[in-house]
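Data first, discussion second: the structure below is written as structure tokens.
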Amino acid sequence: MNHDVTRLGPIAGAVQEIWGGKPPAHRLIGVASLATPDVLFEVEAVAARP
């Protein structure tokens, strides 16, 4: 796999900027590839309303 942890900086910065010290639960999972070489990341989300 060709993971580059230096690319995580912008993601961590955005999470910090939006959520501050109490971010929601999240995870990053490295994979060998996605659907095409041009796809750099995939987002899956679940939302709930009270």
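The values are calculated or read from the model by the stated rules, or taken from the named source; none is laboratory data. Small disclaimer: the values here were computed from a predicted structure and weren't measured. With ideal geometry, Cβ positions are generated from the backbone for all residues, glycine too; neighbour counts draw on all protein chains shown. Note: areas computed on protein heavy atoms with side chains; ligands, DNA, RNA excluded. Shrake-Rupley method; radii C 1.70, N 1.55, O 1.52, S 1.80 Å.
Quick one: in the stretch 1-23, which of the residues that are assigned to a loop (DSSP other than H, G, I, E, B) and modelled with pLDDT under 85 is surrounded by the most Cβ atoms within 10 Å (Cβ to Cβ)? Even if it seems obvious, please write down each step before you answer.
Within the stretch 1-23, the first condition is being assigned to a loop (DSSP other than H, G, I, E, B), and the residues that meet it are 1-4, 20-23.
Applying the additional criterion that residues be modelled with pLDDT under 85 yields 1-4.
Values: Met1: 6, Asn2: 6, His3: 11, Asp4: 7.
That would be His3.
Quick one: would you say Thr36 is open to solvent by less than 100 Å² (accessible area, probe 1.4 Å) and either at pLDDT 85 or above or not in a loop (DSSP other than H, G, I, E, B) (or both)?
yes
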